[in-house]
Each structure stands twice: as C-alpha cells, then as structure tokens.
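Enquirer: The structure's right below; bear with me while I get my questions together.
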Amino acid sequence: MNDENKAEAKLDDIQLAAVVSSSVFVVWFAVYWFFQIQAVRELFEFVRVNNF
Amino acid sequence: MPTSILGPYTRTITAVVLVVFTVVFFYTVRVSVRASIEPLFDWMTASWFGIIGTTWGAAFAIVEALHLIGLALIGGTVIASDGRLLGLVLADQEPGVVVQKTYRIFNWALILTLSTGVFMACGVAGKIYFLKVFWYKMLALSAGMLFEYGIRRPLLEKDLEDITPWVIKLTATASIMVWFTVGALGRWIGYSG
C-alpha cells in the first residue's frame, strides 16, 4: 500500500469521532439493557419459586 | 482550513473527553451533585407549572399527550432516517434526501418533547428526583442530543459516498439505540413511583 492509499484508508476527524461515540453508545446500550432484562428474569424466577 | 489548538482531531478528542468526564462524574461526585440540586426540584414543585401539574389532571394529561406525540415523531424520524441509512426502510428513496427531510421534523419534535417534558417534570418533581431511571433518561437524552447535533449531522453533511460505509451503519445503529433508550426510559418513568 503506497502513502496515498494509506492516507485514504485513515478516517478523518468526524468519522473517527462518530466511531468513538457510536461504539460507546452501542456498548452502553448492550450492558444497560442486559442488566435490566436480567433483573426482570430474576423477578420472574422469584415469583415462580415462591408460587406468587 | 484553520485547525484548533487540539489539532486536526478536535472533534474526536472532545468526544473522548466528554465520555471520560461522564464516567468520572458518575463514579465520583454524582451523589453529592444530585443532593445539591434537590432545592431545584422543590422549587419546580412549588412553581406555577408544578401547581397546575399536580392539581389539574386534565392539563397534565393534555401536555403528556403532546409529549408522547413529540416522542413518536422523534422515533419516526429516527426509524426513517437511520433505517434508510441501514437499508432497512424506504429503500426506493435516496438516503441523503431522507436524512435531510427528517431534520426539520426532528428539530420541532425535540422542541415539543423538551418543552412539554419540563412542564411534566414540574408536576412530578418530588417523584422523579428519587427515580434512578429519570437520571438515566436525562443522561441518554443529553447524550442523544450531543450525538445528533455534534456528531451525526456534521458527519452526514458530507457526501455519503465519501463516508466509509460501516461508519454510516455504526452511527445509524447507535442513533437508534440512544433514542430507543430515551423513549423506553421515558415510559418507564410513567410506570414508576
């Protein structure tokens, strides 16, 4: 790969900022909603075990 | 083209600093800052909006309906715009045209949602102050607005052909996730407390 192609392969400022912030949001979304859904699953399990 | 003192990656550095600041804030001074603004919520409860919101149910219901319309419009524009960028909807339309057409609707929907949200918050200020989900919603809303106006729109102002395709798809996915979270947490507040 020559220097010109390497320069083209690099992301510019706004694209890099989009990658950084989007990655943070996607990870945060996955973690947050995983634990929220997990809490509901545990609640269902609690109800099932205790015969409510 | 002039560059700032942060160099050619000003926006990226700003985004990283904001993320780091948010994480540090969350794990350090969050609780004390929250306690220090409790008087603001007392003031909101005692304000005209707070009194109307707590004593006149019909007014609160009408404003809440407008709030939901605002949220629905935001959701609609996000699904149309980001869905088109992902190639999931409106496949017969040019992506750039769809994105541009949703901007104005999104702006007005956001203004409607924010203005009605302030009124509603005054009506239930004593409740939401103690709700974790309210603070998560404010975090998601702030992040969503900064992302929309600071990252997504400046990115999509470029010719879409000049943007790396997976960057467009990642940005669209993140946008859908953020605004889904804002909407879901908003409804969660309604069912809490």
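Enquirer: Identify the single condition in (1) under 30 Å from B:LYS169 (Cα atoms); (2) assigned by TED's automatic domain parsing to the domain that holds B:ALA121; (3) not aromatic (Phe, Trp, Tyr) that B:GLY57 does not satisfy, given that it satisfies every other one.
Expert: The one condition B:GLY57 does not meet is (1).
Enquirer: Looking at segment B:143-193 only, could you name the residues that are part of a helix (DSSP H, G or I), closer than 23 Å to B:VAL31 by Cα and among the polar types (S, T, N, Q)?
Expert: Listed by number, the list holds a single entry, B:THR181.
Enquirer: Tell me, which residue of segment B:44-78 that is buried (at least 18 other Cβ atoms within 10 Å of the Cβ) and of a type in the set (Val, Ile, Thr) is nearest to the chain's Cα centre (by Cα)?
Expert: Restricting to residues being buried (at least 18 other Cβ atoms within 10 Å of the Cβ) and of a type in the set (Val, Ile, Thr), the top hit is B:ILE74.
Enquirer: I would also like to ask the following. Which of the residues spanning segment B:107-142 are among the β-branched types (Val, Ile, Thr), over 26 Å from A:VAL31 (Cα atoms) and part of a helix (DSSP H, G or I)?
Expert: Step one: filter segment B:107-142 for residues among the β-branched types (Val, Ile, Thr), giving B:111, B:113, B:116, B:118, B:124, B:128, B:133.
From what's left, over 26 Å from A:VAL31 (Cα atoms): B:111, B:113, B:116, B:118, B:124.
Result: B:ILE111, B:THR113, B:THR116, B:VAL118.
Enquirer: A follow-up question, please. All but one of (1) modelled with pLDDT of 95 or more; (2) closer than 25 Å to A:VAL24 by Cβ hold for B:THR14; state the number of the condition that does not hold.
Expert: B:THR14 satisfies all of (1) modelled with pLDDT of 95 or more; (2) closer than 25 Å to A:VAL24 by Cβ except (1).
Enquirer: Taking B:ALA109, is it within 9 Å of chain A (Cβ to nearest Cβ), modelled with pLDDT of 95 or more and touching a helix residue (DSSP H, G or I) at 6+ places or on another chain (Cβ under 8 Å)? It would help to see each step written out before you state the result.
Expert: Numbers: within 9 Å of chain A (Cβ to nearest Cβ): no; modelled with pLDDT of 95 or more: yes; touching a helix residue (DSSP H, G or I) at 6+ places or on another chain (Cβ under 8 Å): yes.
Considered against the rule, which asks whether it is within 9 Å of chain A (Cβ to nearest Cβ), modelled with pLDDT of 95 or more and touching a helix residue (DSSP H, G or I) at 6+ places or on another chain (Cβ under 8 Å), B:ALA109 comes out as no.
Enquirer: Then there is this: Filter segment B:18-43 down to residues that are over 23 Å from the mean Cα position of the chain (by Cα) and assigned to a helix (DSSP H, G or I) and give me whichever is nearest to A:VAL24 (Cα to Cα).
Expert: Among those residues, the one meeting the criterion is B:SER32.
Enquirer: Return yes when B:ALA91 is part of a helix (DSSP H, G or I), surrounded by fewer than 13 Cβ atoms within 10 Å (Cβ to Cβ) and of a type in the set (A, V, I, L, M, F, W, C) and no when it is not.
Expert: no
Enquirer: Go through segment A:16-31 and give me each residue that's surrounded by 16 or more Cβ atoms within 10 Å (Cβ to Cβ) and more than 7 Å from chain B (Cβ to nearest Cβ).
Expert: A:TRP28, the sole residue that qualifies.
Enquirer: So which residues in segment B:149-193 are touching a Gly at 6+ places or on another chain (Cβ under 7 Å) and surrounded by 22 or more Cβ atoms within 10 Å (Cβ to Cβ)? Working first, answer last.
Expert: From segment B:149-193, those touching a Gly at 6+ places or on another chain (Cβ under 7 Å) are B:160, B:178-179, B:182-183; that's our starting set.
The answer is B:VAL178, B:TRP179, B:VAL182.
Enquirer: Could you say whether any residue in segment A:3-12 is modelled with pLDDT under 90, surrounded by 10 or more Cβ atoms within 10 Å (Cβ to Cβ) and of a type in the set (D, E, K, R)?
Expert: So in segment A:3-12, the residues modelled with pLDDT under 90 come out as A:3-12.
Checking the rest, the ones that are also surrounded by 10 or more Cβ atoms within 10 Å (Cβ to Cβ) come to A:11-12.
Subsequent filtering for residues that are of a type in the set (D, E, K, R) retains A:12.
Within segment A:3-12 (the criterion being modelled with pLDDT under 90, surrounded by 10 or more Cβ atoms within 10 Å (Cβ to Cβ) and of a type in the set (D, E, K, R)), the answer is yes, since at least one residue qualifies.
Enquirer: Output the residues belonging to segment B:44-80 that are in contact (Cβ under 8 Å) with a residue 40 or more places away in the chain, among the hydroxyl-bearing types (Ser, Thr, Tyr) and assigned to a helix (DSSP H, G or I).
Expert: The answer is B:THR45, B:THR54.
Enquirer: Of the numbered conditions (1) among the aromatic types (Phe, Trp, Tyr); (2) at the interface with another protein chain (Cβ under 9 Å from one of its Cβ atoms); (3) more than 21 Å from A:ALA17 (Cα to Cα), B:TYR191 satisfies every one except a single condition; which is it?
Expert: Evaluating B:TYR191 over (1) among the aromatic types (Phe, Trp, Tyr); (2) at the interface with another protein chain (Cβ under 9 Å from one of its Cβ atoms); (3) more than 21 Å from A:ALA17 (Cα to Cα) leaves (2) as the failure.
Enquirer: OK, next. From the list B:THR3, B:THR55, B:THR102, which one is at pLDDT below 90, over 23 Å from B:MET138 (Cβ atoms) and more than 14 Å from chain A (Cβ to nearest Cβ)?
Expert: Working: B:THR3 fails: more than 14 Å from chain A (Cβ to nearest Cβ); B:THR102 fails: at pLDDT below 90.
So the residue among B:THR3, B:THR55, B:THR102 that is at pLDDT below 90, over 23 Å from B:MET138 (Cβ atoms) and more than 14 Å from chain A (Cβ to nearest Cβ) is B:THR55.
The values are calculated or read from the model by the stated rules, or taken from the named source; none is laboratory data. Quick caveat: nothing in here was measured; it's all calculated off a predicted structure. Don't worry about glycine lacking a Cβ; one is built from the backbone with ideal geometry, like all the others, and counts go over all protein chains shown.
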